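The values are calculated or read from the model by the stated rules, or taken from the named source; none is laboratory data. Remember, predicted model here, so these are calculated numbers, not experimental data. Cβ atoms come from the backbone with ideal geometry, glycine included; neighbour counts cover every protein chain shown.
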Amino acid sequence: LKEENALLRSKINKLQILSETQADKMRKTTQKLVLNKIKEEKEAQDLEAMVQHVEQNLQLMTKRAAKAENSAAKLRQENAQLQVQ
């Protein structure tokens, strides 16, 4: 009986060590997952900010292009009027 108890205690100790090792791996994996999630969220925010910046630049460029086209049209009209005179 003593031998059987000693064997069972040994198995219990091994299982406890295994359980602790697995729990430690689980904690580390969970930490990595949390860090990766934070990193991905930051990257997503950075990308969103970049997209907004590009959209603003595009709007400004569109306005400038429209002004340039209007200015060119006015200059063509002036040129045509001057040629008539």
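For segment 1-54, the set of residues classified as of a type in the set (Asp, Glu) and surrounded by 10 or more Cβ atoms within 10 Å (Cβ to Cβ) consists of 20, 24, 40, 41, 43, 46, 48, listed by residue number. Scanning segment 64-84 finds no residues that are exposed (fewer than 10 other Cβ atoms within 10 Å of the Cβ), at pLDDT below 95 and not in a helix (DSSP H, G or I).
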